[in-house]
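Below is one structure, written out as C-alpha cells; comments come after it.
The values are calculated or read from the model by the stated rules, or taken from the named source; none is laboratory data. The structure presented is a predicted model; accordingly, all values stated were derived computationally and were not measured. Cβ coordinates were reconstructed from backbone atoms using ideal geometry, including for glycine residues, and neighbour counts include every protein chain displayed.
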Amino acid sequence: MTGIDKHSATWAAVSAWADARRAAIRAEIDNPATGHDRTQLLRGQLLELSGLLALTEERPTIEINTETYGL
C-alpha cells in the first residue's frame, strides 16, 4: 500500500469527516436511551474510524531474524 499524504486536501476532508462522525457516535453512545445492541454496533464503527485515522501514523519497522542456529 502506498503512503497516505496526510497534508493533502483529500486527507483533510476524510479526517474532518471521520472526526465529526466519531463525535456523533460518542454522543449517541453516551445517550442513556441508546440500547445495548446499538451501543455495541457504534463501538465497532468507532474502532473502524480510529483505524482509518491511524493510517497516517508512523509505525516502527519490525525486523525478522532469519537465523536458523544450525537447523
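Give Thr39, Thr34 a once-over and let me know the one that is modelled with pLDDT of 95 or more, surrounded by 10 or more Cβ atoms within 10 Å (Cβ to Cβ), at negative phi and not in a helix (DSSP H, G or I). After applying the criteria, what remains is Thr34.
Here segment 1-31 is the region considered, the condition is being assigned to a loop (DSSP other than H, G, I, E, B) and of a type outside the set (Val, Ile, Thr), and the residue that is farthest from the chain's Cα centre (by Cα) is Asn31.
The numbered conditions (1) touching a helix residue (DSSP H, G or I) at 6+ places or on another chain (Cβ under 8 Å); (2) without any contact (Cβ under 8 Å) to a residue 40 or more places away in the chain; (3) among the hydrophobic types (A, V, I, L, M, F, W, C) are all true for Ile4 except (2).
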